[in-house]
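Since the structure comes first, as structure tokens, the remarks are kept for the end.
The values are calculated or read from the model by the stated rules, or taken from the named source; none is laboratory data. The model shown is predicted, which means the values in this text are computed figures rather than measured ones. Using ideal geometry, Cβ is built from the backbone for each residue, glycine included, and neighbour counts are taken over all protein chains shown. With ligands, DNA and RNA removed, areas are computed over all heavy atoms of the protein, side chains included. Shrake-Rupley method; radii C 1.70, N 1.55, O 1.52, S 1.80 Å.
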Amino acid sequence: MPERTPSPPAPVPDPPPSVPVTLSATLAADEALARRRRAGERVLSMASGEIGLPVLPALRDRLAAAADENAYGSVAGSTALRTAAAGYWQRRGLGIDPGLVVAGPGSKSLLFALLLAIGGDVVVPVPSWVSYAAQARLAGARAVPVPILPGQGGVPDPDRLREAVADARAARQHPRAVVVTVPDNPTGTVASAATIRRLAEAARELDLVVVSDEIYGDLVYDTSAPAVSPARYAPERTVVTTGLTKNLALGGWRTGVARLPDSERGRALHTRLVAVASQIWSSPPAPVQTAAAYAFGEPPEVVERVAASLRLHGTVVRAVAARFTAVGAELAPTAATCYLYPDFEPLRERLAAAHGVHDGDGLAGLFSERYGVGVLPASAFGEPGRPLRIRAATSHFYGDTAEQRTAALEAARAADPLTLPWIRGSVDRIGEVLADLAGAPAPAPTPAPHA
């Protein structure tokens, strides 16, 4: 028989296109400022929301005592942690079976795993936290941007949500989830209960899963604007995530929890989420789970620490807000968190003529290069066009040492943290920078404490 000519090898498919995701804007800004500080420059970080406060001793002791817990555990997290987290939500009117709680190495990891488990494209508010859209792209999905209502950050305008989802589906896209932040990063505002209810109704009509990032839920200092979870209005389709990064300043411990809906949809999503987690982190770190279970149980010392932190954040962020509005920047009243989202549109002509600044990127660059103050531009939070908005965080004002940070908490408990020279100095520095930037008279220094 004649020899057969061998078939050519099957073509090797091209690799998938690289995912257009860059280093997190907050982390990149912090690293840049740290390099400048090490070089001896005078810098003030307002870029990231890491809370600069010491570890509560009771939690430190529990973590140390659990150091020998080195075995793999349940993918979903320990029974003790899931039960404690369920109790945390029960005390907030969101009771849930511990079997529908999933723990992970930070709520950020849980959010990404949830997007993988839900599948499809993701509606995100504009502006919104820097990682939502990036995580959607990492999951191979599209981020569908929907603007917020004025002063109600973290939640897409429900009417425009309907329009955006209809348009996306007409274009053969597949939005299956909407991510919200209650309270909000970057604006420091809290969406009203009426807006949350309307969002829940829209999500039900559109058959969307609501992923509610409530990591700042314990940091609402405006009692007239309580944070309301979408799980109250759409319990069958709302996933709630939280952690200890913000309320107890434990960012480096990386622990978070997710509350899945008690419904057929929720139980199916729980199964998929645990499967995803099993392939990414196997199980949360055991010693941290032990300490986190204690924290979510909210013993008196934890409750007191959160209350002191809340008073500290509220006092400092409002003092800084007054510096922004004094030079003419527009700012929605801050109700929660350590964030400000000022709009310099009233100063557009001045900034263009005096500094050659025409947008938020240029404004953030001016803050950094001329004044050594790290802030983030609106573009980092998904805002299109050339808005003159930035996000500024006050969470690094509390001191550079454990002693200073402890003193800041003590001052918040008993007096006024603005009387501490390092906090007063940071607030006054922002006032000086803003006055120079806006061409306004320098503000009077914050009064020192009486002897």
³J(HN,Hα), Karplus 6.51/-1.76/1.60, whole Hz, each residue of the range 246-259, x for Gly, Pro: 9, 5, 10, 6, 10, x, x, 7, 6, 9, x, 9, 10, 9
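Given 0.36 nm per residue, what is the gain on full extension from residue 34 to residue 159 after removing their alpha carbon distance, in nm?
Numbers: separation 125, 0.36 × 125 = 45.00 nm, distance 4.27 nm.
Extra length from residue 34 to residue 159 when fully extended: 40.7 nm.
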Top positive-direction residue, dipole computed over the chain with Cβ charges, set 270, 57, 126: 270
Solvent accessible area, Å² - residue 294, 1.4 Å probe, full protein context: 50
Cβ-Cβ FRET estimate between residue 280 and residue 70, R0 fixed at 25 Å, reported to 0.05: 0.80
Amide proton proximity set for residue 144, modelled H, under 5 Å, gap of 5+: 122, 123, 124
Cα long-axis angle, helix 300-326 against the chain (0 to 90 degrees, to the nearest 10): 60
Rounded, prolate or oblate (a/c below 1.5 giving rounded, otherwise prolate when a/b exceeds b/c) for the range 99-188 by Cα gyration tensor: oblate
Spacing of the two label points (7 Å from each Cα toward its C-beta) at residue 61 and residue 205, in nm: 5.5
Longest site-free stretch - the chain; sites: GluC sites (Glu not before Pro), DSSP loop, at most 11 other Cβ within 10 Å: 42-451
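Averaging sequence separations of C-alpha pairs under 8 Å and six or more residues apart, then dividing by the length of the chain, give the relative contact order as a whole percent. If you can, show how the numbers build up before the last one.
Working: 884 pairs, mean separation 92.1, N = 451.
20 percent.
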R0 of 35 Å, Cβ-Cβ distance residue 197-residue 406: FRET efficiency to nearest 0.05: 0.25
Cα-based helix-to-principal-axis angle, 107-118 vs the chain, degrees rounded to 10: 30
Label-point separation in nm, residue 236 to residue 22, each point 7 Å along Cα→Cβ: 4.3
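Tell me, what is the FRET efficiency for residue 298 and residue 419 to the nearest 0.05, using R0 = 30 angstrom and their Cβ-Cβ distance as r?
Working: r = 30 Å, r/R0 = 0.99.
The value I calculate is 0.50.
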In Å², nearest 10: area of residue 255 left accessible to a 1.4 Å probe: 10
Derived scalar couplings ³J(HN,Hα) [the range 37-48; Karplus, 6.51 cos²θ - 1.76 cosθ + 1.60; whole Hz; x for Gly, Pro]: 5, 5, 7, x, 6, 7, 10, 9, 8, 10, 8, 10
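Kindly work out what percent of the DSSP beta bridges joining two residues of the chain are antiparallel, to the nearest 5. Intermediate results must be reported in sequence, preceding the final value.
Working: 17 of 36 bridges.
Just about 45 percent of them are antiparallel.
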Nearest-ten-degree value, helix 286-296 long axis tilted from longest Cα axis of the chain: 60
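Given charges of +1 on the Cβ of Lys and Arg and -1 on the Cβ of Asp and Glu, with all other atoms neutral, how large is the dipole of the chain about its Cα centre, in debye to the nearest 20?
Numbers: 44 positive and 44 negative charges, 61 e Å.
It works out to roughly 300 debye.
Can you tell me the order of 181-189, 102-110 when each peptide is scored by its average per-residue count of other Cβ atoms within 10 angstrom, highest first? Mind dumping the intermediate values first?
On the way: 181-189: 28.1, 102-110: 25.2.
My ranking of the peptides, most packed first, is 181-189, 102-110.
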Amide hydrogen neighbours beyond the local backbone of residue 357, cut-off 5 Å, H modeled: 352
